[in-house]
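Taking it in order: structure first as structure tokens, then the write-up.
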Amino acid sequence: MNASDTQGEAGGTRRFQAKRDAILAAAADAINEQSAKGMTFADVARRVGLNTTSVTYYFKRKEDLAAAAFEQTLARLDAMLDAALRETTPERRVARYLHDHVERLARIERGEEKAFAILSDLRAMEEPIKGQLLAGWRNIFRKTRSIWGTGNHRAQTDLFGARAHVLLENTFWLPAWLDRYEVDEYPRVEARLMEVFRHGIAAPGQPWAPQLLTLVHQEPEPGREAFLLAATRLINELGYRGASVQRIASELNVTKGSFYHHLDAKDELVTACYRRSFDIIVETQRLAERHAGSQWDRLESTIATLLDYQFSERGPLLRTTALSGLPPEARTTMIDRSNRIARRFAGMLSDGIAEGSIRAIDPLVASQALMALQNAAFDMRGWASTMPRQKAAAFYASTLMFGLFDDRVLTA
């Protein structure tokens, strides 16, 4: 083989890789907008200026393309964690991991990089791909947990697991709210979020002694509450597209006709599940606002009540991961409601800072961290079931209430 042949092969390889990368970037955009099951070859081809046949040259099946996009996300997260773990202390590792995420989002905002596929649809994939991807995700979780080292006993390992989950969820939630800031403000936002991670929300000397609030939420139509609860659980586990109407009906041992008695369409179901979840959060906030004590007392009772709900048989609340399956207008409506709830948290935080029961933090940034905390609790139900629920809530809440490096909850 002569030099020109070698150069030709190298050029062909580079072109092949560049086209493949472009297809994966387009697939990631489609997954983030429509979910993995909603993504189509035709849409991906349109985004990169190819025909459908050209895309199938690189990926034979839609499932292969989605899997490759998810594998790319897992590989990037793995590389970011490797870089973070080269730092010398847990605090420096968290700061590096957060910094790399914010920098990545800044590059995306400036058009220098493409977003990678969010991982909300992993459980909706078919075997054996699903098993391989979940194994990759478990590796990411274990590597994140190792930021704090190896636990010396079970309680410490449990606490490290809660910290890992909250850190991951907060970095995944960043794209939902960071774009409200100018890109040159990203470093300031990063610093304010790291302050919450470093020192927590509670002012020095505040104990964790919440009072659980009594929630009385009930859907007005008989049978609708059980229906929406079953749908919420399935959508959380399988994603918007993975939780079919037939599967939800089977979960309740009713016919598909019963579904359409309660709701007219699948999109309406997800919207109704979101409304129910948001109504429960707002009801908890309102109950706390009428509660005696400081703003810290009210905030810790709000968070403890929501976590107790998420970890109990009454839960869960709908995860924000279902947003990628909704039509744009409905998605915008749900995000707007989420932001109103976050602003209510921000109000509690601002009042607490004024009275001295809350640390001097950025209320808007901290409120989004709280949204991520309670939203992600569904994924920790298995973890929470291995210990008393009160202890699980204390461990999980401590990650933001006292920071990612405070061990007082271990001796409480």
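The values are calculated or read from the model by the stated rules, or taken from the named source; none is laboratory data. Since we're looking at a predicted model, the values are computed, not measured. When we count neighbours, we look across all protein chains shown, and the Cβ atoms used for this are built from the backbone with ideal geometry, even at glycine.
A single entry from L24, L50 fulfils the requirement of being crowded, with 18+ Cβ neighbours inside 10 Å and in contact with a helix residue (DSSP H, G or I) (Cβ under 6 Å, 6 or more places away or on another chain): L24.
Scanning the stretch 368-384 for residues that are surrounded by fewer than 23 Cβ atoms within 10 Å (Cβ to Cβ) and farther than 21 Å from D158 by Cβ returns a single hit, M371.
Going by the structure shown, is G149 over 24 Å from Q72 (Cβ atoms), out of contact with any helix residue (DSSP H, G or I) (no Cβ under 6 Å at 6 or more places or on another chain) and small (G, A, S)? Yes: the conditions hold for G149.
Okay, residues lined up against (1) more than 20 Å from the chain's Cα centre (by Cα); (2) within 19 Å of E300 (Cβ to Cβ); (3) of a type outside the set (A, V, I, L, M, F, W, C):
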| residue | (1), (2), (3) |
| --- | --- |
| E185 | yes, no, yes |
| A203 | yes, yes, no |
| Q206 | yes, yes, yes |
| L212 | yes, yes, no |
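Can we say M401 is buried (at least 19 other Cβ atoms within 10 Å of the Cβ) and modelled with pLDDT under 95? Here the answer is no, as M401 does not meet what is asked.
Residue by residue, here is whether (1) of a type in the set (K, R); (2) surrounded by 16 or more Cβ atoms within 10 Å (Cβ to Cβ); (3) touching a helix residue (DSSP H, G or I) at 6+ places or on another chain (Cβ under 7 Å) holds:
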| site | (1), (2), (3) |
| --- | --- |
| S338 | no, yes, yes |
| I358 | no, yes, yes |
| T386 | no, no, no |
| K391 | yes, no, no |
| L410 | no, no, yes |
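Select from the stretch 32-65 the residues that are outside any loop (DSSP other than H, G, I, E, B) and more than 18 Å from K19 (Cβ to Cβ) and write down the one among them that is modelled with the highest pLDDT. If we take residues in the stretch 32-65 being outside any loop (DSSP other than H, G, I, E, B) and more than 18 Å from K19 (Cβ to Cβ), then E63 is modelled with the highest pLDDT. Evaluated against (1) crowded, with 21+ Cβ neighbours inside 10 Å; (2) modelled with pLDDT of 85 or more, L326 falls short on exactly one condition, (2).
Applying a threshold of 7 Å to beta carbon distances and a minimum spacing of six or more residues, or different chains, the list of pairs starting in the stretch 391-411 at a residue that is in contact (Cβ under 8 Å) with a residue 24 or more places away in the chain and ending at one that is in a loop (DSSP other than H, G, I, E, B) and crowded, with 23+ Cβ neighbours inside 10 Å reads L400/G200; L400/I201; M401/G200; M401/I201; F402/G200; G403/G200; D406/G200. Listed by position, the helices (runs of 4 or more DSSP H) enclosed by the stretch 93-207 that each have at least 2 residues that are modelled with pLDDT under 95 are 129-145, 154-177.
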